[in-house]
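*Asks:* Sharing a structure here in structure tokens format.
The values are calculated or read from the model by the stated rules, or taken from the named source; none is laboratory data. It should be emphasised that the depicted structure is a prediction, and the values quoted were computed from it without experimental measurement. Glycine gets a Cβ as well: all are built from the backbone with ideal geometry, and neighbour counts include every protein chain shown.
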Amino acid sequence: MLKKTITYTDYDGNDRTEDFYFNLNKAEIMEMEMSFNGGLSKTITNIVAAQDSKRIIEIFKDLILKAYGEKSPDGKRFMKSKEIADGFSQTEAYSQLFMELATNANAASAFVNGITPKSMDVAKEQIKELMSPAT
């Protein structure tokens, strides 16, 4: 799990610093892998080879929003839903994070390392390959 502290200006002009949480478990990574014809790995390789920046950005956004969630107060659950992800995507914190990861390969790499289980090194490398051309 990755805790990311983001400073941003909200829509009322207030400066805010908040903690946001991101995580992909093994099941979620497997689901992502299986949701693409030929697998996520092959899809990423093809997208990078074609330098399809539109598709890279789509997958990049999907990755951030699939990883975003809220920890339950007792720490037993990491709650995710379309509503939670949509709510985050409508904040300047999301915009700030997206731009940081899209323009800084080191930040993108650290993000991927932080959101994926340590035992998923192959998946991490594939996701990093996708994020690198966006820099």
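*Asks:* Every residue in the stretch 83-111 that is surrounded by 14 or more Cβ atoms within 10 Å (Cβ to Cβ) and free of Cβ contacts under 8 Å to residues at least 40 places away in the same chain, please.
*Replies:* Selection gives 84, 85, 89, 94, 98, 100, 104, 105, 107, 108, 109, 110.
*Asks:* While we're looking at this one, here's another question. What pairs come up if the first residue lies in the stretch 28-43 and is among the acidic types (Asp, Glu), the second is at pLDDT 75 or above and surrounded by 17 or more Cβ atoms within 10 Å (Cβ to Cβ), and their beta carbons are under 7 Å apart, counting only those six or more places apart or on different chains?
*Replies:* Pairs that qualify, where the first residue is among the acidic types (Asp, Glu) and the partner is at pLDDT 75 or above and surrounded by 17 or more Cβ atoms within 10 Å (Cβ to Cβ), are 28/66.
*Asks:* Consider residue 63 carefully, then state whether it is hydrophobic (A, V, I, L, M, F, W, C) and in a loop (DSSP other than H, G, I, E, B). Can you show your working first?
*Replies:* Working: hydrophobic (A, V, I, L, M, F, W, C): yes; in a loop (DSSP other than H, G, I, E, B): no.
So residue 63 fails the test.
*Asks:* While we're looking at this one, here's another question. On the basis of being at pLDDT below 85, over 17 Å from residue 6 (Cβ atoms) and not polar (S, T, N, Q), does residue 39 make the cut?
*Replies:* It is true that residue 39 is at pLDDT below 85, over 17 Å from residue 6 (Cβ atoms) and not polar (S, T, N, Q).
*Asks:* How many residues are touching a residue at least 60 places away in the same chain (Cβ under 8 Å), farther than 25 Å from residue 75 by Cβ and touching a strand residue (DSSP E or B) at 6+ places or on another chain (Cβ under 9 Å) when one looks only at the stretch 8-27?
*Replies:* As a first pass, look at the stretch 8-27 and keep what is touching a residue at least 60 places away in the same chain (Cβ under 8 Å): 8-11, 16, 18, 20, 22-26.
Retained after the next criterion (residues that are farther than 25 Å from residue 75 by Cβ): 8-11.
Adding the requirement that they be touching a strand residue (DSSP E or B) at 6+ places or on another chain (Cβ under 9 Å) leaves 8-10.
Counting residues in the stretch 8-27 that are touching a residue at least 60 places away in the same chain (Cβ under 8 Å), farther than 25 Å from residue 75 by Cβ and touching a strand residue (DSSP E or B) at 6+ places or on another chain (Cβ under 9 Å) gives 3.
*Asks:* Another question, then. So residue 75 fits all but one of (1) closer than 25 Å to residue 117 by Cβ; (2) touching a strand residue (DSSP E or B) at 6+ places or on another chain (Cβ under 6 Å); (3) of a type outside the set (D, E, K, R); what number is the exception?
*Replies:* (2)
*Asks:* Condition first: of a type outside the set (D, E, K, R), within 17 Å of the chain's Cα centre (by Cα) and either more than 25 Å from residue 96 (Cβ to Cβ) or not in a loop (DSSP other than H, G, I, E, B) (or both). Now tell me which residues in the stretch 7-24 satisfy that.
*Replies:* Looking only at the stretch 7-24, we keep the residues that are of a type outside the set (D, E, K, R), and these are 7-9, 11, 13-14, 17, 20-24.
Those left that are additionally within 17 Å of the chain's Cα centre (by Cα): 20-24.
Once the filter is applied, which keeps residues that are of a type outside the set (D, E, K, R), within 17 Å of the chain's Cα centre (by Cα) and either more than 25 Å from residue 96 (Cβ to Cβ) or not in a loop (DSSP other than H, G, I, E, B) (or both), the stretch 7-24 yields 20, 21, 22.
*Asks:* Checking the conditions here, which among 80, 4 is free of Cβ contacts under 8 Å to residues at least 24 places away in the same chain, surrounded by 12 or more Cβ atoms within 10 Å (Cβ to Cβ) and under 17 Å from the mean Cα position of the chain (by Cα)? Write out each step before concluding.
*Replies:* Values: 4 fails: free of Cβ contacts under 8 Å to residues at least 24 places away in the same chain.
From the options 80, 4, the qualifying one is 80.
*Asks:* Collect the residues in the stretch 22-56 that are surrounded by fewer than 17 Cβ atoms within 10 Å (Cβ to Cβ) and among the aromatic types (Phe, Trp, Tyr), keeping them in residue-number order.
*Replies:* 36
*Asks:* Further question: Can you report the number of residues in the stretch 73-120 which are assigned to a loop (DSSP other than H, G, I, E, B) and not hydroxyl-bearing (Ser, Thr, Tyr)? Quick ask: steps written out before the conclusion?
*Replies:* Within the stretch 73-120, the first condition is being assigned to a loop (DSSP other than H, G, I, E, B), and the residues that meet it are 73-77, 80-81, 90-91, 104, 116-120.
This time we only want the ones that are not hydroxyl-bearing (Ser, Thr, Tyr), so: 73-77, 80, 90, 104, 117-118, 120.
The total comes to 11.
*Asks:* Scan the stretch 49-66 residue by residue and report those that are within 29 Å of residue 6 (Cα to Cα) and touching a residue at least 60 places away in the same chain (Cβ under 8 Å).
*Replies:* 53, 56, 57, 59, 60, 63
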